[in-house]
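Just so it is clear, none of the values below were taken in a lab; they were calculated from the coordinates. If you're wondering where the values come from, they're calculated on a predicted model, not measured in any experiment. All Cβ positions, even for glycine, are placed from backbone atoms using ideal geometry, and neighbour counts span all protein chains on display.
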Amino acid sequence: MDAILAQLLNGLDKGGAYALIALGLTLVFGTLGVVNFAHGALFMLGAFCAVTFRYLITLETVTVDPTQTTAWGTALEVRTPLAQTWFGDWGAVLIDWSVPLSILLAIPVMLVIGIVMERGLIKHFYKRPHAEQILVTFGLAIVLQEIVKAIFGPNPISQAMPTALRGAADVGALIGLAPGALTYPLWRLVYFLFSAGVIAAVFGFLRFTTFGMVVRAGMADRETVGLLGINIDRRFTIMFGLAAVVAGLAGVMYTPLLPPNYHQGMDFLVLSFVVVVVGGMGSLPGAVAAGFLLGILQSFASMNQIKSILPGIDQIIIYLTAVVILLVRPRGLFGRRGMMEN
Amino acid sequence: MALFQLSRRDALILALFALVVVTMPVWTAPFGANYPGLMQKFAIYAIFAIGFNILFGLTGYLSFGHAAFLGVGSYTAVWSFKLLTMDALPALLLAVVISGLFALVIGFLSLRRSGIYFSILTLAFAQMSYNLAYSVLTPITNGETSLQLTLQDPRLIDLAFTTRGAGLPTASLFGVTLSGLSGFYFCAVVLLIAFFFAQKVFASPFGMMLRGIKSNQMRMSYTGFNTRPYALTAFVISGMYAGLAGALLAVTDPLAGAERMQWTASGEVVLMTILGGVGTLIGPVMGAWLIKYFENIFSSFNEGILSRFFDFIPAPLHDTVVAIASKFVGEGWQLTLGLLFVLVVVFLPGGIMEGVRRIGALFRRGNPPKAGAMRVQPAE
Amino acid sequence: MTTTERNVVLHVDDVSKNFGGLHALSDIDLEVEEGQTHAIIGPNGAGKSTLLNVIIGRLAPTSGAVVFDGQVLTGKKPHQINQLGVARVFQTPEIFPDLTVLQNVMVPAFARRDGAFRVNVLRSVEREAALRDEAEAILEDVGLADRRLSHAGALSRGDKRRMELAMCLIQHPRLLLLDEPTAGMSRHDTNTTIDLLQKIKARGMTKVIIEHDMHVVFSLADKISVLSGGRIIAEGLPDEVRGNIKVQEAYLGGAHRLEAVH
């Protein structure tokens, strides 16, 4: 029982990441009809927003203190982070909490990147065949990741989580199990809650704002909405920016779990596409449900008890699930008929 | 015999193509690409792309998992070397048969769906093969260390006639060693046969039915065609081409690793085909050559070469130009590749072959097409 | 059954089709005799296209069955139904936009000659002279001979319809289903199409035709069934139907069109 609960929890954070990326992919596909292979790169760019933010707030001033010497007899260099000079003790707190704080940097940056991408390139491909959309966004993804590689280097850059969130939460105690029977790393819990929050925000935005209603109407029937004299294109541009922000935030918060590297976008992209298709092309609830479903299944499949019965299952569970679901349900869990079938 | 007949136009194309392939060591020299290892890759990946195009270009099904068949072909060929003989023909034959069977199973299941659902099914099958090759299937694939020849291989057929040599053997054809240039010419001959068969498919009623499926599958059913076996046949043929290419990779270098089956390899053949021109005979070959050239040559450029290349630029600018250019070569060659994709899709949606057509039209009519003229889009 | 002489080739037997709670077709009985042209008319939303879709196997009926020449069509796949000798012209032309006009007409010829599936890579299309000649002759009939090397996707809507008709005719179907074959055509093209359909009628091909244009209906039909609200409300010879009060009522807004033909 504990073990099953533990695996369920373990699946939630990964599921949250899948769900967030898949949600953005689906938004872009549903609104713009574009198959965006550069979406994984947006996740990666988000992660590097965190790296940049940390780099910026840990910029140091180096002063030489002639009164003190090191063991080698040279003058001691005193390094003081600028943040500390300016904000005093708050500076140290800032650095400690750099990952969550980078959200503040990531939101505007990702929004701009998304809008520039859409206006500069993607908008020319609305009516093009999907194969060409795939090629151009794939090319863009390569360009983005190579640029990141050129700036940040090929090696992963690990990001520390805030000290306060480093421990494990005794989840078991909360639900009446013996203390320590079921613990769960705090940051993973944070990630899950964070992704749930972002998902809720996106759904709320689409459901309860006029902007969101117009966009949803546009997803269902673009021409009619256009005929009503509403400038749907501009709204769709903003939706692309929003999708970029969602992917970016997913990337920012994932950095303590996986040190960012320039090619992580591609790794997540393939899985996210599987997630989107399993959920049903164009269905937002489908993307979220499939994201968590596959994350949790993956976590269960990596249990030793299961691996001993079905060797190698942890390696293929996501793909196997995708195959089974697609063969049983032709359009995924929540897919609509005729969507991307030809 | 009907089997060997080609229309006059196709025969001419084949003859020209043969000339280009056979003289490859000559015309690649100015590009610095005339070493056998790379030319072998040119021939092998051209086969892969030609076969892929029979499925994607003719039938309209975008598979994202064709690297699996490439991998199966390689593994089969290496096992043929290990168990039977170092002769290349049985290895190729077995690889084509096994990858064909593999494609039959995967195609049968995947073709139950169309559009992106088909693409994701093929991707899922290929990724499963890749992941299993690394883990559970290690006895067959030798996992991360790759399947390779050893001094203890049984090689039943070979050793029935000769005694075991001192070192590791190399692949051969009727006793002639296939390495370096001879290896390239062997691949070239196989490429020409593969190209010829693709020409036959393109010109045949079968090829016309595949085009019909791509153009309007519903009309095909109401016209009396059972479209699924047609698509499955195309799938199996393209799987066999991939297996053949995989086997040739093993012939030129008797080693088979799982990374050959990864989705990046599947994506590469998609890009080759689109870059060259979907649905054309020559296009995928050009796409394959261009991408392999970039991969091998651009990645080997370094600042020293660039510095010499930009010698003509005066000194103050020289270092800046070299510094900028160096971002696009060597480690950064993929940046150039990515930019190339974007540029080709934006300006030449039909791939290289459309560029060739436009230039051809330019010469025929004598007046250039309107700048920025968009291609007529078929209604969706 | 009033006479034994009649040779009923298509029998729609008590067919109903529901979409959720909507009764698109209710208890439809229809008998089409060999060699006759049977027109189905009715106001928009009467269920005409649904009926055609049930006959051709695109939709499965909720109850009832369709029998063609002693074979139950219900439950068969579209290609099987076609191979039995049933061809269809769609309301919006279903063609191969990426192929040439000639290829569009040759593809169905291969279906007739080679069956539902045959891998034929030995002989090139170029060497299939007999089929090509036949396709060119039919293109001559429908007046598209000079466009035979054009891209089919580039044809006008009227030309696409005529090409689709040619695609069906080359199969020499025993039953031809036509869904508004002259919709969107000019008066001149409509008359050409009527002539063409009269010509193939002389060859003894059975046809079921859905049509709004009463001029076309009364020029071609041997028998007319009137569909309204998913039911057949009248059936008979053209002259009987013309005078039927119920039919006039069903048409209401469309009544002027009936009168216009008088």
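The calculated 222 nm mean residue ellipticity attributable to helices in chain A amounts to -22500 deg cm²/dmol, summing -39500 (n - 2.57) over DSSP H runs of n ≥ 4 and dividing by all residues. Distance from the C-alpha centroid of segment C:129-154 to that of segment B:1-21: 28 Å, rounded to the whole angstrom. Taking one quarter of the surface of the C-alpha convex hull of segment B:97-242 gives a mean projected area of 12.2 nm².
The Kirkwood hydrodynamic radius of segment C:154-255, based on inverse pair distances between different Cα atoms, is 14.8 Å. Relative contact order of segment A:1-78: 14 percent, from C-alpha pairs under 8 Å at least 6 residues apart in sequence. With respect to chain A, whose longest principal axis is taken over its alpha-carbon atoms, helix A:232-254 is tilted by about 40°.
Under 19 Å Cα to Cα from C:K17, which lysines show up? Leave out anything in the same chain fewer than 8 places away. Correct list for C:K17: C:K48, C:K76, C:K77. The relative contact order of segment C:16-60 comes to 29 percent, based on Cα pairs under 8 Å that sit 6 or more residues apart. The DSSP beta bridges internal to the protein assembly as shown are antiparallel in roughly 65% of cases. Taking the number of Cβ atoms within 10 Å of each Cβ as an exposure proxy, the fewest-first ranking of B:L181, A:L23 is B:L181, A:L23. May I have the pair-distance distribution P(r) for segment B:51-102, computed from all Cα-Cα distances with 5 Å bins from 0 and rounded to whole percent? Whole-percent P(r) values from 0 Å outward: 5, 21, 23, 19, 14, 9, 6, 2. In chain A, the longest principal axis of the Cα atoms and the axis of helix A:264-279 are about 30 degrees apart.
Our note on the geometry: Cα centres of segment C:42-94 and segment B:28-50, 54 Å apart.
Working note: Cα atoms of chain B, range along each principal axis, descending, whole Å: 68, 68, 43.
For segment B:328-338, 3J(HN,Hα) computed residue by residue from phi via the Karplus equation (6.51, -1.76, 1.60; θ = phi - 60°) reads 9, 10, x, 4, x, 4, 5, 4, 4, 4, x Hz, glycine and proline entered as x.
Less than 9 Å Cβ to Cβ from C:V15, Lys/Arg counted +1 and Asp/Glu -1: what total charge do the surrounding residues give?
Local net charge: -3.
Using the crude model of +1 on Lys and Arg Cβ and -1 on Asp and Glu Cβ, and no other charge, please compute the dipole size for segment A:2-328 relative to its Cα centre, in debye to 20.
Working: 16 positive and 16 negative charges, 157 e Å.
Roughly 760 debye, rounded to the nearest 20.
Between C:R203 and C:A130, what FRET efficiency comes out of the Förster formula 1/(1 + (r/R0)^6) with R0 = 22 Å and r the beta carbon distance, rounded to 0.05? The formula returns an efficiency of 0.65 here.
Electrostatic bookkeeping for B:A91 treats Lys and Arg as +1 and Asp and Glu as -1; over the other residues with beta carbon under 15 Å from its beta carbon, the sum is -2. Taking a ≥ b ≥ c as the square roots of the eigenvalues of the Cα gyration tensor, an a/c ratio of 1.5 or more together with a/b no larger than b/c marks chain A as oblate. Note on segment B:13-85: Cα-Cα pairs beyond 20 Å make up 51% of the total pair count. For the protein assembly as shown, the orientation-averaged shadow of the C-alpha convex hull comes to 55.1 nm² (one quarter of the hull surface).
The value for segment C:116-199 of Rg(Cα) / (2.2 N^0.38 Å) is 1.21.
Report note on the peptides B:3-15, B:45-57, B:277-289: ranked by the mean count of other C-beta atoms within 10 Å, highest first, their order is B:45-57, B:277-289, B:3-15. The phi torsions of segment A:6-21, fed into the Karplus equation with coefficients 6.51, -1.76 and 1.60 and a -60° offset, translate into couplings of 4, 5, 4, 5, 4, x, 5, 6, 5, x, x, 5, 4, 4, 5, 5 Hz, rounded to whole numbers, with Gly and Pro shown as x. Neighbour counting of Cβ atoms within 10 Å sorts the residues C:E34, C:E180, fewest neighbours leading, into C:E34, C:E180. At 7 Å along the Cα-to-beta-carbon direction for both B:T150 and A:T67, put a label point, then send me their distance in nm to one decimal. Here the modelled spin labels are 7.1 nm apart. Exposure proxy for A:M213, B:M353, B:M39: other Cβ atoms within 10 Å of each Cβ, ordered fewest to most, give A:M213, B:M353, B:M39. Using C-alpha pairs under 8 Å with a sequence gap of at least 6, the mean separation divided by the residue count of chain C gives a relative contact order of 26 percent. The smallest convex shape that holds all Cα atoms of segment B:77-124, its convex hull, gives 76 Å³ per residue. Cross-linked pairs A:K123/C:K160; A:K307/B:K82; A:K123/B:K292; A:K127/B:K214: Cα-Cα separations exceed 27 Å for A:K123/C:K160; A:K307/B:K82; A:K123/B:K292. Estimated from helical segments only, the mean residue ellipticity of chain B at 222 nm is -21500 deg cm²/dmol, where each DSSP H run of four or more residues counts as -39500 (n - 2.57).
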